[in-house]
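Asker: Here it is, the structure in full.
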Protein chains: 2
Amino acid sequence: MRADEMQQIVADFGAIGATASGGVTRPGLTDLERAALERARAWMVHLGMDAAYDHVGNLRGTWAGARPDAAPVLTGSHLDSVVEGGRYDGAAGVLCALAAVETLRAQGHTPERPLGVCVFTSEEGSRFGPGLLGSTALVRGLTADQLGASGDDGVTVARAIAEAGGDPGAAAAPALAPGAVHAFIEVHIEQASRLEEAGAPVGIVSGIAGPLFARGVVTGVADHAGATPMGQRADALCGLAELVLAVERTASAADTTVATVGSARAHPGQANIIPGRAEFSLDLRDVDLSARDRAEAEIRAVLDELTRRRGLHGELEVIQREPPVAVDPQVVAALETAVAGAGLDLVRVPSGAAHDAMIMADIAPIGMLFVRCRGGLSHCPQEYASPEDLVAASDVLARALAQLT
Amino acid sequence: MRADEMQQIVADFGAIGATASGGVTRPGLTDLERAALERARAWMVHLGMDAAYDHVGNLRGTWAGARPDAAPVLTGSHLDSVVEGGRYDGAAGVLCALAAVETLRAQGHTPERPLGVCVFTSEEGSRFGPGLLGSTALVRGLTADQLGASGDDGVTVARAIAEAGGDPGAAAAPALAPGAVHAFIEVHIEQASRLEEAGAPVGIVSGIAGPLFARGVVTGVADHAGATPMGQRADALCGLAELVLAVERTASAADTTVATVGSARAHPGQANIIPGRAEFSLDLRDVDLSARDRAEAEIRAVLDELTRRRGLHGELEVIQREPPVAVDPQVVAALETAVAGAGLDLVRVPSGAAHDAMIMADIAPIGMLFVRCRGGLSHCPQEYASPEDLVAASDVLARALAQLT
C-alpha cells in the first residue's frame, strides 16, 4: 500500500465521529463505533474475508487459509475512541492489519493457518468504564458487575450489547480457551516519543508494564498558619511534597520505570491552617517486575525517612498489583525478522499503557508493534502518525504474519 | 492574686461551655458566650466597676478614676472560643485584666485616667466568620455585608446582635474615634512556643504580623501515567511540590517570616493521569514588611525558575495584602518597665496571629503581652497556660496600667 492510499483510508475512518477540533469521538457500543466497524467490515469483505460480529460486538474478519481448522493467527486493535480523542489510537492497528492482509493477497501469499483481523469493541471504556471490554469478554468472560454497569445515560453494558445485536446472556463465559489462538499481534501508536527520538518509524514492544496502584496519607499536626513558627511545624503537605519529588526522581533514575502521583490533596485545605493531613495516589509501572519492586522499596524508604525526620506519620497501601505482561519470544522473533526484512532498524520500546494484547496474553502468545507518533501525544485531537510510518508498520506486520501463519 | 486563686478562676470560666475532651466550645453571640460574659460582669461589679454591654454585645467594665472625662486606658480580650477550643485563648487576657484591676485596687492605686476592661464579642468567628467582630464594630463599624452574614443556622449577625439585646441599627457607625482611647493593652497566650523555649513566663509582642494571602496555579500537560516516559512529562504537581518546599525553605531561612501552603490540589486528580494543573494557596506573614516582601519575591523567583525549567506555567495572585501592625513605643516602654519591675527577663516575641489589638491599633496606641503556653498549642482542648504564668502576666499588666493611667 502506498502512503497516499493510507492517508485516504485514515481520512475516511477519521470522518466517522469527527469533531470540530480535528479529532474523533467514537465511544464503544455506540452507533459511531458501529459505523467505523461497518467500514472495516466492508473492507474485510472486499479482501475476501469472512466478516462477522461476535456475541458482544467484536468484529472479526477471517482468511481461512490452507488449514481452516488450525489455531488462527490474529491481529487487530480497536476502533472506539475516548471523547475528543484522535484518529490513530486503536484505528492504526486495525488499518495496518487490513492493509497487511491486502499486501499478502497482492503478493499471492496463502496462509497455512487461518489469519484473523480482530476489532475489539469498547477498548477505551469511554461509554462504559473501565475499558478493554471486548477482549475481556472473549478471554475471561464478563462478570455480572461488568454486564450490569451503566454509563451516564443509565443504559447497562448488557442492554447496549443486546441493542447492538449481540447476546449478553452468552457474555459471562469466555469464548477463547488457552491454545485456541496460535499468536496475536497488535499494532498501536506508541503514545510516547521514544521512537520519535530514535528516528524509527516502528518499534517492537519489549513488554507491557505491570501497574501498581496505591493510595497513601501523610499525617502531621494542623495548626495556626500565622502563629506557629517554621521550626515547630509538622506540615503534612511539606512531607508529601518531598515524597512527590522522590517518586519523580526514583522513576527518572531507573530505566523503564514510570511513577506518578496523580491525586494529591491537603486537609483541611484552608489557606490559614497548616495541613494536618495530605492524601495522595501512586501509580507505579514497569515492564520489569524487579525494577518496579526496587522503585516501590525506594519510595517507601523515602516516606519512612522523611516522616521520621519531620515528625509526621506516613501510610502507603497497595490497592492493585498487576504483574507485567511478557511478550512471546517466538512472536518477537517473527517481528524482528520482519523489521530486518523491511530494512528498518531494530528498536525495542516498552508499553506503559494497557492494550487488548495484554488481555489476549492470558490465552495466547502475543507481540506488539508500536508506530511512531508525533510528540507522544494521544487521547487528544493532536494525535498523529504519518501515513509513511503506518505503511511501514503494515509492511512489517505483513512480513511477521507471513511467517507465523 | 495567688496561683491557686487564678487556677480556681480559670476552672470557673472553663466550666462554661466545657466539652468532654477538657476544652470549651463558646461561639460568639451565643448563650454560652453570654454566660461567660455575665461571669466577667459579676467580677467587674465586685471590683466596683461600672459594667455594661454596648450596642453589639461587647462588655466593658470601667473604673472611672480621678479624671473620668480623660481618654481611658483599655485592656482586655475575648471570651468566645472556637469549636472544641481551649480555656485560655481570649480568656487569659480577660482574666489577667480583671486580676490586674483587683491587684491595683488592693494596692490602693487610684488611676488618673479611666481604666476599662473590654471583653470583645465574637473574636473567633466560629458562629459568624471571619472573626474580630466586636472590635471591628467599635473601631470601623460593620458593613451591610457583615451585618447580613449568617451562620449555619441561617440567623444573621444583625439578628443575633438584636437577640443579645444589642442595637444592630447602630452598628454601621464606628463607636470609637481616633484619640478616644489613650492606650490599649491585650494579654494573650502566645500560640507558639518561643517563650517556652526561652524559659520566660511572659513576652512583649514586637509587632503583629501582616498577612499576605494569595492563590496560585501551576499548569502542565495532563497525560497518560503509564505511557508517558519520565523525561517527557510536564507534571504540574511535581512543580507545585518544588514550590511548597521552597516556600518552607524561604520562611525557615528568614528570622520572623512564616509561610504556609494550606490548600493544594492536583487536577484532574485521577491516579492514572499525570496532573495537568495544581492549585494552591499561600499564606505569608511577617512583622517586618520588607522581610515579607523579600520572601514574596523569592517565592515568585522560584516559581518562575521551576516552571521555565519544567515546561510549566505558573501564576500567583495576591488576594489580600495587610501591613504589619506596629506596637506603640510608649506602651511597649511601659510594659518593659513593668517586666523589669516584676523581676522578669525581657523577652520580645512576634505575633503571627491576628488579635483584637490589631483592630484597636486603628484608633489607639497598642501593646500586647504574651503568656507562655504549653507546646505552642491553641484552638484545641490541650491548650494550657499555668496559673503561675497567668499571675505573672497579670502582675506585669497591673504595673503597666499603673504607669499609663
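The values are calculated or read from the model by the stated rules, or taken from the named source; none is laboratory data. The shown structure was predicted, so the numbers you read here are calculated from the model rather than taken from an experiment. Methodologically, a virtual Cβ is constructed for each residue, glycine included, from the backbone with ideal geometry; neighbour enumeration extends over all protein chains shown. Side chains are part of the model used for accessible areas, which takes the heavy atoms of the whole protein and leaves out ligands, DNA and RNA. Shrake-Rupley method; radii C 1.70, N 1.55, O 1.52, S 1.80 Å.
Asker: Please find, within the stretch B:203-233, the residue that is nearest to B:Gly276 (Cα to Cα) out of those that are of a type in the set (Ser, Thr, Tyr) and touching a helix residue (DSSP H, G or I) at 6+ places or on another chain (Cβ under 7 Å).
Answerer: Keep residues of the stretch B:203-233 that are of a type in the set (Ser, Thr, Tyr), which gives B:206, B:219, B:228.
Checking the rest, the ones that are also touching a helix residue (DSSP H, G or I) at 6+ places or on another chain (Cβ under 7 Å) come to B:219, B:228.
Numbers: B:Thr219: 6, B:Thr228: 13 Å.
Applying the filter and picking the extreme gives B:Thr219.
Asker: Would you check if B:Ile161 is of a type in the set (A, V, I, L, M) and either within 14 Å of chain A (Cβ to nearest Cβ) or closer than 28 Å to B:Leu289 by Cα (or both)?
Answerer: Details: of a type in the set (A, V, I, L, M): yes; either within 14 Å of chain A (Cβ to nearest Cβ) or closer than 28 Å to B:Leu289 by Cα (or both): no.
Considered against the rule, which asks whether it is of a type in the set (A, V, I, L, M) and either within 14 Å of chain A (Cβ to nearest Cβ) or closer than 28 Å to B:Leu289 by Cα (or both), B:Ile161 comes out as no.
Asker: Of the residues A:Gly22, A:Gly48, A:Gly61, only one is at pLDDT below 95 and either over 19 Å from A:Glu123 (Cβ atoms) or touching a strand residue (DSSP E or B) at 6+ places or on another chain (Cβ under 6 Å) (or both); which?
Answerer: On the way: A:Gly48 fails: at pLDDT below 95; A:Gly61 fails: at pLDDT below 95.
Among A:Gly22, A:Gly48, A:Gly61, only A:Gly22 is at pLDDT below 95 and either over 19 Å from A:Glu123 (Cβ atoms) or touching a strand residue (DSSP E or B) at 6+ places or on another chain (Cβ under 6 Å) (or both).
So that you can scan it fast, the table gives a plain yes or no per residue for (1) touching a residue at least 40 places away in the same chain (Cβ under 8 Å); (2) among the β-branched types (Val, Ile, Thr); (3) surrounded by fewer than 23 Cβ atoms within 10 Å (Cβ to Cβ):
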| position | (1), (2), (3) |
| --- | --- |
| A:Ile366 | yes, yes, no |
| A:Phe370 | yes, no, no |
| A:Cys380 | yes, no, yes |
| A:Val396 | yes, yes, no |
| A:Ala402 | yes, no, yes |
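Asker: Out of the residues in the stretch A:298-311 meeting the condition of being surrounded by 14 or more Cβ atoms within 10 Å (Cβ to Cβ) and within 13 Å of chain B (Cβ to nearest Cβ), tell me which one is nearest to the chain's Cα centre (by Cα). Spell out the reasoning first.
Answerer: Of the stretch A:298-311, the ones surrounded by 14 or more Cβ atoms within 10 Å (Cβ to Cβ) are A:298-300, A:302-303, A:306-307, A:310.
So of that shortlist, the ones also within 13 Å of chain B (Cβ to nearest Cβ) come out as A:302, A:306, A:310.
Values: A:Val302: 31, A:Leu306: 35, A:Arg310: 39 Å.
The extreme case among them is A:Val302.
Asker: Of these, A:Ala200, A:Ala234, which one is under 27 Å from the mean Cα position of the chain (by Cα) and more than 18 Å from B:Met230 (Cα to Cα)?
Answerer: A:Ala200
Asker: What is the residue count in the stretch A:322-334 for residues that are outside any loop (DSSP other than H, G, I, E, B) and open to solvent by less than 70 Å² (accessible area, probe 1.4 Å)? Before you say what the answer is, go through the steps one by one.
Answerer: Looking only at the stretch A:322-334, we keep the residues that are outside any loop (DSSP other than H, G, I, E, B), and these are A:325, A:329-334.
Then drop every residue that is not open to solvent by less than 70 Å² (accessible area, probe 1.4 Å), which leaves A:325, A:331-334.
Qualifying residue count for the region: 5.
Asker: Can you work out which of the residues in the stretch B:382-394 that are touching a Leu at 6+ places or on another chain (Cβ under 8 Å) and open to solvent by 10 Å² or more (accessible area, probe 1.4 Å) is nearest to B:Tyr88 (Cα to Cα)? Steps first, answer last, please.
Answerer: In the first step, residues of the stretch B:382-394 are kept if they are touching a Leu at 6+ places or on another chain (Cβ under 8 Å); the result is B:383-384, B:390, B:392-394.
Applying the additional criterion that residues be open to solvent by 10 Å² or more (accessible area, probe 1.4 Å) yields B:384, B:392.
Values: B:Tyr384: 7, B:Ala392: 15 Å.
Of everything passing the filter in the stretch B:382-394, B:Tyr384 is nearest to B:Tyr88 (Cα to Cα).
Asker: Here's a follow-up. Could we say that A:Gly151 is touching a Lys or Arg at 6+ places or on another chain (Cβ under 9 Å), within 14 Å of chain B (Cβ to nearest Cβ) and open to solvent by less than 50 Å² (accessible area, probe 1.4 Å) here? Before the answer, list the steps.
Answerer: Details: touching a Lys or Arg at 6+ places or on another chain (Cβ under 9 Å): yes; within 14 Å of chain B (Cβ to nearest Cβ): no; open to solvent by less than 50 Å² (accessible area, probe 1.4 Å): yes.
No: the conditions fail for A:Gly151.
Asker: Within the stretch B:258-297, take every residue that is within 7 Å of another protein chain (Cβ to nearest Cβ) and aliphatic (A, V, I, L, M) and give me the one that is surrounded by the most Cβ atoms within 10 Å (Cβ to Cβ).
Answerer: As a first pass, look at the stretch B:258-297 and keep what is within 7 Å of another protein chain (Cβ to nearest Cβ): B:258, B:260-266, B:269-275, B:281, B:283, B:285.
From what's left, aliphatic (A, V, I, L, M): B:258, B:261, B:264, B:266, B:271, B:273-274.
Details: B:Val258: 27, B:Val261: 28, B:Ala264: 26, B:Ala266: 30, B:Ala271: 19, B:Ile273: 22, B:Ile274: 28.
Only one residue fits best here, namely B:Ala266.
Asker: Can you find, within the stretch B:378-391, the residue that is farthest from the other protein chains (Cβ to nearest Cβ) among those that are out of contact with any strand residue (DSSP E or B) (no Cβ under 8 Å at 6 or more places or on another chain) and in a loop (DSSP other than H, G, I, E, B)?
Answerer: Per the stated criteria, the residue is B:Ser386.
Asker: To continue, here is another question. Those residues that are in a loop (DSSP other than H, G, I, E, B) and modelled with pLDDT of 95 or more, I need them from the stretch B:342-361; list them, please. Spell out the reasoning first.
Answerer: Start the filter on the stretch B:342-361 by keeping residues that are in a loop (DSSP other than H, G, I, E, B), which leaves B:342-347, B:352-355, B:361.
Within the stretch B:342-361, B:Ala342, B:Gly343, B:Leu344, B:Asp345, B:Leu346, B:Val347, B:Ala361 meet the criteria.
Asker: Taking the options A:Thr307, A:Thr337, name whichever one is among the hydroxyl-bearing types (Ser, Thr, Tyr) and farther than 25 Å from B:Gly262 by Cα. Walk me through how you get there before you give the answer.
Answerer: Details: A:Thr307 fails: farther than 25 Å from B:Gly262 by Cα.
Unique residue meeting the criteria: A:Thr337.
Asker: Here is a follow-up. What helices (runs of 4 or more DSSP H), lying completely within the stretch A:1-115, carry at least 1 residues that are open to solvent by 60 Å² or more (accessible area, probe 1.4 Å), without any contact (Cβ under 8 Å) to a residue 60 or more places away in the chain and aliphatic (A, V, I, L, M)? Don't jump to the end; show me each part of the working.
Answerer: Numbers: elements: A:3-14, A:31-46, A:91-106.
The helices (runs of 4 or more DSSP H) meeting that bar are A:31-46, A:91-106.
Asker: Using the structure shown, decide if A:Glu163 is crowded, with 18+ Cβ neighbours inside 10 Å and charged (D, E, K, R). Explain how you work it out, then say what you get.
Answerer: Numbers: crowded, with 18+ Cβ neighbours inside 10 Å: no; charged (D, E, K, R): yes.
For A:Glu163, the condition - crowded, with 18+ Cβ neighbours inside 10 Å and charged (D, E, K, R) - is not met.
Asker: Anything in the stretch A:335-357 that is touching a residue at least 60 places away in the same chain (Cβ under 8 Å) and surrounded by fewer than 22 Cβ atoms within 10 Å (Cβ to Cβ)? List them, or say none. Steps first, please.
Answerer: So in the stretch A:335-357, the residues touching a residue at least 60 places away in the same chain (Cβ under 8 Å) come out as A:335-339, A:344-357.
Listed by number, the residues that qualify are A:Glu336, A:Thr337, A:Leu344, A:Asp345, A:Leu346, A:Val347, A:Arg348.
Asker: If you don't mind, there's one more thing I want to ask. Taking A:Val117 and the conditions (1) modelled with pLDDT of 95 or more; (2) closer than 19 Å to A:Glu383 by Cβ, which numbered condition does it fall short on, given that it satisfies the others?
Answerer: (2)
Asker: Suppose we keep only residues that are in contact with a strand residue (DSSP E or B) (Cβ under 7 Å, 6 or more places away or on another chain) and more than 17 Å from B:Glu163 (Cβ to Cβ) within the stretch B:121-142. Which one would you say is least open to solvent (accessible area, probe 1.4 Å)?
Answerer: For the stretch B:121-142, the residue satisfying everything is B:Ser135.
Asker: Can you tell me which of (1) surrounded by fewer than 21 Cβ atoms within 10 Å (Cβ to Cβ); (2) out of contact with any Ser or Thr (no Cβ under 7 Å at 6 or more places or on another chain) is the one B:Gln232 doesn't meet?
Answerer: Among (1) surrounded by fewer than 21 Cβ atoms within 10 Å (Cβ to Cβ); (2) out of contact with any Ser or Thr (no Cβ under 7 Å at 6 or more places or on another chain), B:Gln232 violates only (2).
Asker: Looking only at residues in the stretch A:3-30 that are out of contact with any Gly (no Cβ under 9 Å at 6 or more places or on another chain) and of a type in the set (D, E, K, R), which one is farthest from A:Val155 (Cα to Cα)?
Answerer: In this case the residue turns out to be A:Asp4.
Asker: Which condition breaks for A:Gly85 when tested against (1) over 27 Å from A:Leu176 (Cα atoms); (2) in contact with a helix residue (DSSP H, G or I) (Cβ under 9 Å, 6 or more places away or on another chain)?
Answerer: Every condition holds for A:Gly85 apart from (2).
Asker: For the stretch B:37-81, enumerate the residues that are over 21 Å from the mean Cα position of the chain (by Cα) and of a type in the set (Val, Ile, Thr). Steps first, please.
Answerer: Residues of the stretch B:37-81 that are over 21 Å from the mean Cα position of the chain (by Cα), as a first pass: B:38-39, B:41-55, B:61-72.
Of everything in the stretch B:37-81, those that are over 21 Å from the mean Cα position of the chain (by Cα) and of a type in the set (Val, Ile, Thr) turn out to be B:Val45, B:Thr62.
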